[in-house]
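Working notes, beginning with the structure itself.
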């Protein structure tokens, strides 16, 4: 099964407008985040300004979109998925703030703007990340919850994806791999944790918010895992092929930091092939939704073809 | 009501052995933390070694002891309180690791050992703190939960105490107050958030684990708030009066960092008087337990009289 627009539109449904979907969901997520967070002038104002600076720095809201699209595929109510979509975005933003610190990736720009520590200083940047991580759990706990997917299970889902065996494990392995030669399996270990874990968690939470049956949750898990890996392979490719201006963050960093990437290990062409294969695998897992996962399909295509 | 050993022992109960209580609870909490955390050699080993280094660095386990003592006062089962006691200790340890970073308090010693970033480097220290914060929610979500105090409410309790309006607000205000003249009310704002919030949360969680009635939870809230403030006033006094060797951390730091403290604002004698008054107020709030809160009473006394 190859992935083409024709393929996507060959079903007996009206063509799906992903740009409209993304624009509308970004507005909804931004509004909800604004409601969930303390006001910018809540005391102490510094921390709330710093949290909001990075949270509203123009992120693409990919994880919230995946969460909401998964809820839609399962026939859920978007309002039930929204807190969980916001929670994963808080986790994502916290991880970027901390990754950008001088002691880690030492990045000056993110999403085209100076990084959090460049604006607020390192101390406040550490605390803003801490606060967003904490906020994520406060928001997740305010979700609806079902007998099948209780608040207990939802909090465990978020904590495990963000914890020392997944998201943080990926960042640690990434830090430790700098300047060393690593193998493709080792690189996959990093990508699975650093990127795939939270993307997979995002779609799973969307399904949980819709009280989806176990078979759908398994399908979403498989979809999230493969889309997450493809996402990071594309990120590696874009770091080599795009300018900093297009990316809104420093391009070519991986090479300079002697970081192992898919292009550096298997070459550009093979990397593109791997990204396509992973996306195809993600597509196949959506069959169980019998054509109702149009938003997830469109997102997977979009993530494969993006140029930033 | 003055606080004396006589006063404490004037009830018709056998004298309470706090040292035995603390020793036994420390063993139980350490065992539980060891079970809850990934093994030290779980991949990537660096992060798990770093988490365990600070978590098992000989902390006094005051917050877990308060949590377990509160559960006992409410007639609860200690096993139900243990996960929550472990969760607050993870939060406390994460906050110490991040507070000790060069970008914050820049401390080289804690509990008599080199601080986390001195051993593992700044990048890993940031991540070890992040991981312990995340772990706290994973552990809290594994508590028992009751209809009155659901997992939702327990997670919200932890997230709010640790969040940008409480624990993190205290650290931000503390950072921002360095080298400036602040008033006693401003100092109280910092202490309420930086110390009292998590101590108060610890005793409240203990009560919640015992499914306590609302009147008991109110009493525990009042107790935790006042003991928490007293705790920080004593900390300020010890920073001036004790040696680094006794404290296991750098003494005299507050003066050198031009940090406002109770002794620097109201003097040593007045500070001691305030600590006694706060502890008396905490004592009074325990009347509702009709003599069953012996462990909490003994802890409040111990915290007032400690020399480290």
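The values are calculated or read from the model by the stated rules, or taken from the named source; none is laboratory data. Everything quoted here is computed from the prediction, not taken from an experiment. All Cβ positions, even for glycine, are placed from backbone atoms using ideal geometry, and neighbour counts span all protein chains on display.
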* Is at least one residue of the stretch B:170-180 more than 8 Å from every other protein chain (Cβ to nearest Cβ) and at pLDDT 95 or above? -> yes
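Give me the residue from the stretch A:181-190 that is touching a residue at least 12 places away in the same chain (Cβ under 8 Å) and more than 9 Å from chain B (Cβ to nearest Cβ) and, out of that set, nearest to residue A:106 (Cα to Cα). It would help to see each step written out before you state the result.
Step one: of the stretch A:181-190, the residues touching a residue at least 12 places away in the same chain (Cβ under 8 Å) are A:181-184, A:186-190.
Among the residues that remain, those that are also more than 9 Å from chain B (Cβ to nearest Cβ) are: A:181-184, A:186-188, A:190.
On the way: A:181: 21, A:182: 22, A:183: 25, A:184: 25, A:186: 23, A:187: 21, A:188: 23, A:190: 19 Å.
Filtering first and then ranking leaves A:190.
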* **residue B:212, sole failed condition from (1) closer than 24 Å to residue B:70 by Cα; (2) assigned to a helix (DSSP H, G or I)** => (2)
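Could you tell me whether residue B:32 is touching a helix residue (DSSP H, G or I) at 6+ places or on another chain (Cβ under 8 Å), farther than 18 Å from residue B:120 by Cα and modelled with pLDDT of 95 or more?
For residue B:32, the condition - touching a helix residue (DSSP H, G or I) at 6+ places or on another chain (Cβ under 8 Å), farther than 18 Å from residue B:120 by Cα and modelled with pLDDT of 95 or more - is met.
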* Confirm whether residue B:21 is outside any loop (DSSP other than H, G, I, E, B) and over 30 Å from residue A:170 (Cβ atoms). => yes
* To do: Look at the stretch A:68-97 and say how many of its residues are free of Cβ contacts under 8 Å to residues at least 60 places away in the same chain and out of contact with any strand residue (DSSP E or B) (no Cβ under 9 Å at 6 or more places or on another chain).
  => 7
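Just for the stretch A:32-47: of the residues that are without any contact (Cβ under 8 Å) to a residue 40 or more places away in the chain and in a helix (DSSP H, G or I), which one is surrounded by the fewest Cβ atoms within 10 Å (Cβ to Cβ)?
Residues of the stretch A:32-47 without any contact (Cβ under 8 Å) to a residue 40 or more places away in the chain: A:34-35, A:38-45.
Adding the requirement that they be in a helix (DSSP H, G or I) leaves A:34-35, A:45.
Values: A:34: 14, A:35: 11, A:45: 14.
Here the answer is A:35.
Sort through A:265, A:234, A:274 and tell me the only one that's part of a helix (DSSP H, G or I), more than 20 Å from the chain's Cα centre (by Cα), farther than 25 Å from residue A:82 by Cα and in contact (Cβ under 8 Å) with a residue 40 or more places away in the chain.
Answer to the selection: A:265.
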* To do: Could you tell me whether any residue of the stretch A:64-72 is more than 30 Å from residue B:177 (Cα to Cα) and surrounded by fewer than 20 Cβ atoms within 10 Å (Cβ to Cβ)?
  => no
* Tally the residues that are crowded, with 24+ Cβ neighbours inside 10 Å and at the interface with chain B (Cβ under 7 Å from one of its Cβ atoms), restricting the search to the stretch A:139-162. => 4
* For the stretch B:182-190, state whether one or more residues are farther than 27 Å from residue B:291 by Cα and within 14 Å of the chain's Cα centre (by Cα). => no
* To do: Give the stretch B:191-217 a look and list any residue that's more than 21 Å from residue B:83 (Cβ to Cβ) and touching a residue at least 40 places away in the same chain (Cβ under 8 Å), or say none.
  => B:191, B:195, B:215
